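Here's the structure, in structure tokens; my notes come after.
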Amino acid sequence: MAASVSLARIEKVYGTKRTLNNVSLEVAAGEFLTLVGPSGCGKSTLLRIIAGLTPHDSGQVHIGERDVTALPARDRNVSMVFQSYALYPHMTVAENIATPLRMQRLPAMARIPLIGRFWPGSRKLRARIAQEVATVAAQVEIENLLHSRPAQLSGGQRQRVAVARAMVKQPGVFLMDEPLSNLDARLRVHMRAEISALHQRTGATFIYVTHDQVEAMTLSTRVAVVMDGCIVQVGTPRELYDDPQDIRVARFIGSPEMNILAITSNSPHRAWLKDASIQLPVQAADTVHMGFRPEHLKLADRSTHYGAHTLRIPALFERIEVLGHDALLFCRHPDSQETIVARAPVADVDQMRSRGNGWDKLTFEIDLAQTFWFDAQGSRLPPATSVCEILPLHKRVS
């Protein structure tokens, strides 16, 4: 039965480094939540604290209605899939999957090789365990591998064995620590679909750790972005993409990442970007950051008229990456030298080339309603949809 998970004010310090800083999180029963962030941000440590494998310095962990803060890992009704799979090389697939049930149900003497087979009552328990192992193996489609050993399996097959071993306990919570990182790109795509199907089939609570934002966006009900030991923002994948509340989230979620241009204001409500005067959404002190997604940029002719709510951005072209239907144009802003990446249909790029336009200098345009604004500390400012405008020359301020 699926269980909820509640974390309250979790703190973890290694030496002088604070790995987790006052982390609180609520995970609903049956939810698929992913902890995503760069390497070293504390997401795997947080997962191990939930599992009971790593002690924390302060805070509380609840699984379902129980406070499990002081309980050992074996009493928490969770199963964990590790990055390395952690399979026993001397055991068959069936024995690896059966290990949690054997440790849970068989007395110590019944687990001893040879002698344990003759322990009173062990035969019936072993038969029941074997039946449950076969059922789980069929669910992950490895029933024909039960007599093989890990060394004889591919990476994808080992991953399925690790998942089956986690499933056989029928836990309330599945914990997965970057289980796909050792697989090649094609197999990762396939196994993402397998894990998503497993979640739908079991209805269990999944907490998944990854540094790959594509995995986080495609698998999850909700995503928690972890940065520097703190949870910066929690939301659905769409919410994080469309409404980032922190510049770090804006940069991390999305591939390619969001473009960010630093803009220095020359009055409380106005700033300059090249030859365009921009009315800022709120009062700014010195510096603000304007963000925009690569797909929101459009190639523009310098001679084309544009509306009052359209901003033109000049760029120095550097290189192009063709991705089939789309192409990525990598450029730099001529003044700040900040990187600008635009996503455009290949047909539009070919059309621009056919007109004979020079590719050393490009001009992009963007609707100001599609921009994001952040203050100097990286916190999100209110939307600029209705208050940003490009002023005509005779109204511009110096």
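The values are calculated or read from the model by the stated rules, or taken from the named source; none is laboratory data. Remember, it's a predicted structure, so these values are computed and weren't measured experimentally. Methodologically, a virtual Cβ is constructed for each residue, glycine included, from the backbone with ideal geometry; neighbour enumeration extends over all protein chains shown.
Here Met217 fulfils each of the conditions (1) surrounded by fewer than 18 Cβ atoms within 10 Å (Cβ to Cβ); (2) modelled with pLDDT of 90 or more apart from (1). Report yes if some residue within segment 350-365 is touching a strand residue (DSSP E or B) at 6+ places or on another chain (Cβ under 8 Å), assigned to a strand (DSSP E or B), within 15 Å of Arg293 (Cα to Cα) and modelled with pLDDT under 90; otherwise report no. Yes: segment 350-365 contains one or more residues that are touching a strand residue (DSSP E or B) at 6+ places or on another chain (Cβ under 8 Å), assigned to a strand (DSSP E or B), within 15 Å of Arg293 (Cα to Cα) and modelled with pLDDT under 90. Flag: Arg343 matches the condition of being of a type in the set (Lys, Arg), at pLDDT 85 or above and out of contact with any Phe, Trp or Tyr (no Cβ under 9 Å at 6 or more places or on another chain).
Residue-by-condition table, conditions (1) in the same structural domain as Gly64 (by TED's automatic domain parsing); (2) of a type in the set (A, V, I, L, M); (3) surrounded by 20 or more Cβ atoms within 10 Å (Cβ to Cβ):
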residue	(1), (2), (3)
Arg128	yes, no, no
Val133	yes, yes, yes
Val136	yes, yes, yes
Glu141	yes, no, no
Arg149	yes, no, no
Gln159	yes, no, yes
Ala166	yes, yes, yes
Gln170	yes, no, no
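One residue stands out in segment 54-105 among those that are farther than 27 Å from Val13 by Cα and in contact with a Leu (Cβ under 6 Å, 6 or more places away or on another chain): the one that is surrounded by the most Cβ atoms within 10 Å (Cβ to Cβ), namely Val93. For His296, the requirement of being surrounded by 13 or more Cβ atoms within 10 Å (Cβ to Cβ) and modelled with pLDDT under 90 is not met. Taking Gln104 as the residue in question, decide whether it is in a helix (DSSP H, G or I), modelled with pLDDT under 90 and within 24 Å of the chain's Cα centre (by Cα). For Gln104, the condition - in a helix (DSSP H, G or I), modelled with pLDDT under 90 and within 24 Å of the chain's Cα centre (by Cα) - is not met.
Only one of the numbered conditions (1) in a helix (DSSP H, G or I); (2) over 20 Å from the mean Cα position of the chain (by Cα); (3) closer than 19 Å to Gly172 by Cβ is not met by Leu53, and that is (1).
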